[in-house]
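First up is the structure itself, then whatever we jot down about it.
The values are calculated or read from the model by the stated rules, or taken from the named source; none is laboratory data. It should be emphasised that the depicted structure is a prediction, and the values quoted were computed from it without experimental measurement. Don't worry about glycine lacking a Cβ; one is built from the backbone with ideal geometry, like all the others, and counts go over all protein chains shown.
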Amino acid sequence: MNRKSQQGNFLKSTIGLLSLISAISLQQASASPDIERWSTSNGATVLYVHTPDLPMVDVRVIFDAGSARDGKQSGIASMTNALLSAGAGERGEEAIAETIGSLGAVLGASSLRDMAVVSLRSLSDERLLNSALEVTADLIHRPYFPESAFERERNRQLIGIQAQKQSPSTIASKKFFRMMYGSHPYAEPSGGTEQSVKSIKRNNLKSFHARYYVGNNALVAIVGAVDRGRAKEIAEQVVGALPAGEAAAEIAAPITAQAGEEEYIEYPSVQSHILLGHPVVKRGDIDYFDLYVGNHILGGSGLVSKISEEVRENRGLAYSAYSYFSPMRRAGPFQAGLQTKNESRDEALEVLRKTIADFIEHGPALDDLENSKKNITGGFPLRIDSNKKIVSYLGVIGFYGLPDSYLDDFNRKINAVSAASIKDAFKRRVRPAEMVTVIVGGEVKKKSAIEEKDVH
C-alpha cells in the first residue's frame, strides 16, 4: 500500500473514531483504571491499563535520565533525548518522520529535571502498531546521533540560551533555581548554559545514552486496546534489547542554598517579575495532600485564591498572582510569584509575603476548604478521561514509586484533609525565613553577589 492510501485509510479511521470519543471518555472517567504491573527480562518496570473501547495504544517509556543526571555537562540529557529521532537503526531523520507520518502515529521525546521520555501513540491495528513500535524501539536502542544533527541541535540550544536572556521571566526562573539549589543538580537549567553546551561532544551523547538508557533505569507505561499478553510483547519490543545496566544513583536531598536571601536583577522593563519560595516537597511525601489542598486555597485556584484576592482584587497590584508546589524525586519547590509595575514591586512583594505568612499562621477557613475539596474531587474524572492522561499518570506512579492505588485513593485522601492538618503541614514545611526571593525588572535595588554568568 502506498503512502497516500495509508494516509487516506488513517483519515477514515480517525473520522470513525470521533463519534466514539465522548461516550468512551465518560465511560473511562467513571472509575479509576485497573493497573497491572510486571518487569521485563532486563529489569524495566511495566505498568499497563487495558482500555478496549478505543482502538488506540499509548506507550510511554521513561528513563531516569533527566537533567539531574547532567553532571558537569549541563544540557547533555536534553540534547541526547532531542537527538534520538535524528537517526536510529537503518533510518535517517527524514525516514523516521515519514514512516511515523504514514502510519498515522505520533512519536515524541522530552526531557525534564527528573526524567527523559519517549512516547508513542498509534492505532491498535497490528500492522500499523508493529511498524510504529519498530521505529520507537530503534530510537531507544540504536540512535546514532549523526554529526550534522548534533551540530544543528547544539546551535539550536545555544540560540535558545541567548534568547532566554531577553526574557525576564526566564532570567528570574533560572536565578530562582540557582539560589534554591546551589550545587545540587536541580539548580542547573535543563537546556544547559552557554559554556556547558559548547563543551558537549557527540561522543558524550553516546556515553550518556549507554549509561542511562538501560533496562534497570527504565519504566514502560502502556494504555490501550491490547491485552496483557500483547502489552508484554510491546514492553519487550521497546526496551527488551537494551542492556540491563544499573539504575541511576540516588540524588542527594537538597538544602536551600541561599536561604532568606534576595536578588534584584536589573532589566529594561516597566514590569518586575517576582518569585519566592524554597524546596519543600517530593513525590509521595506524607504531607503532599495537605499541602496540595492548602495551596489550592492559598494560590492555586486562579482568581479566587487568597493570593490573587489580596494582590489583584484588593490592591490592584498585578493581573495575576499565584503559588504552587512542584514535587520531584527530591524536594521540589514551593513557588509563589507575580508580575507588577516596577514602582509597585516592594508593596506587591510585601503583600505576597504577608498573605503566605497569614495562611501559615491561621490555616484555611472551613468554607474555603470545603469549596476547594469539591472543586478538586469534582474535576477528578477529567484527570483520567483519555488514554493520554492515564498513561501520563502511569508514568508518574511508576517513576516515583507511588502506590498502584494512587488514583483510586485520590479523592478519599483529598476528602480526608482537614483545616488542622493543612495548618500543621504548612507550619512544618513552608518556612518564610528560608525562602529565596528574585526580582527582575527596573533598576537594581542592591547588587547581586553572584556573577552575571550564573544569572544567565
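Numbers for the structure displayed
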{"read-out": "Which numbered condition residue 138 misses (of (1) of a type in the set (Asp, Glu); (2) in contact (Cβ under 8 Å) with a residue 12 or more places away in the chain; (3) surrounded by fewer than 18 Cβ atoms within 10 Å (Cβ to Cβ))", "value": "(3)"}
{"read-out": "Test result for residue 221, of a type outside the set (Asp, Glu) and in contact with a strand residue (DSSP E or B) (Cβ under 6 Å, 6 or more places away or on another chain)", "value": "yes"}
{"read-out": "Filter pass, residue 356 being at pLDDT 95 or above, aliphatic (A, V, I, L, M), part of a helix (DSSP H, G or I) and surrounded by 23 or more Cβ atoms within 10 Å (Cβ to Cβ)", "value": "yes"}
{"read-out": "Only one of 391, 417, 430 that is out of contact with any Asp or Glu (no Cβ under 7 Å at 6 or more places or on another chain), surrounded by 16 or more Cβ atoms within 10 Å (Cβ to Cβ) and among the aliphatic types (A, V, I, L, M)", "value": "430"}
{"read-out": "Given (1) part of a loop (DSSP other than H, G, I, E, B); (2) touching a helix residue (DSSP H, G or I) at 6+ places or on another chain (Cβ under 6 Å), number of the condition residue 425 does not satisfy", "value": "(1)"}
{"read-out": "Members of the stretch 127-165 found to be part of a loop (DSSP other than H, G, I, E, B), over 24 Å from the mean Cα position of the chain (by Cα) and either over 11 Å from residue 84 (Cβ atoms) or not assigned by TED's automatic domain parsing to the domain that holds residue 61 (or both), listed by number", "value": "146"}
{"read-out": "Residues of the stretch 190-203 satisfying the condition of being surrounded by fewer than 22 Cβ atoms within 10 Å (Cβ to Cβ), in contact with a helix residue (DSSP H, G or I) (Cβ under 6 Å, 6 or more places away or on another chain) and in contact (Cβ under 8 Å) with a residue 60 or more places away in the chain", "value": "190, 194"}
{"read-out": "Number of the condition not met by residue 362 [criteria: (1) touching a Gly at 6+ places or on another chain (Cβ under 7 Å); (2) touching a residue at least 60 places away in the same chain (Cβ under 8 Å); (3) surrounded by fewer than 20 Cβ atoms within 10 Å (Cβ to Cβ)]", "value": "(1)"}
{"read-out": "Members of the stretch 172-189 that are assigned to a helix (DSSP H, G or I) and in contact with a helix residue (DSSP H, G or I) (Cβ under 6 Å, 6 or more places away or on another chain)", "value": "175, 177, 178, 181, 185, 187"}
{"read-out": "So residue 222, is it within 25 Å of residue 327 (Cα to Cα), assigned by TED's automatic domain parsing to the domain that holds residue 41 and touching a residue at least 12 places away in the same chain (Cβ under 8 Å)", "value": "yes"}
{"read-out": "Among residues of the stretch 75-101, those that are surrounded by fewer than 23 Cβ atoms within 10 Å (Cβ to Cβ) and either outside the structural domain of residue 116 (by TED's automatic domain parsing) or not in a helix (DSSP H, G or I) (or both), counted", "value": "4"}
{"read-out": "Check on residue 254, under 30 Å from residue 323 (Cβ atoms), assigned to a loop (DSSP other than H, G, I, E, B), in contact with a His (Cβ under 9 Å, 6 or more places away or on another chain) and not assigned by TED's automatic domain parsing to the domain that holds residue 424", "value": "yes"}
{"read-out": "The one condition in (1) within 26 Å of residue 243 (Cα to Cα); (2) outside any helix (DSSP H, G or I) that residue 104 fails to fulfil", "value": "(1)"}
{"read-out": "Those residues of the stretch 310-350 which are of a type in the set (Lys, Arg), part of a helix (DSSP H, G or I) and out of contact with any Ser or Thr (no Cβ under 6 Å at 6 or more places or on another chain), in sequence order", "value": "312"}
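Conditions (1) modelled with pLDDT of 95 or more; (2) within 17 Å of residue 130 (Cα to Cα), marked per residue:
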{"residue": "3", "(1), (2)": "no, yes"}
{"residue": "21", "(1), (2)": "no, no"}
{"residue": "60", "(1), (2)": "yes, yes"}
{"residue": "70", "(1), (2)": "yes, no"}
{"residue": "79", "(1), (2)": "yes, no"}
{"residue": "87", "(1), (2)": "yes, no"}
{"residue": "99", "(1), (2)": "yes, yes"}
{"residue": "102", "(1), (2)": "yes, yes"}
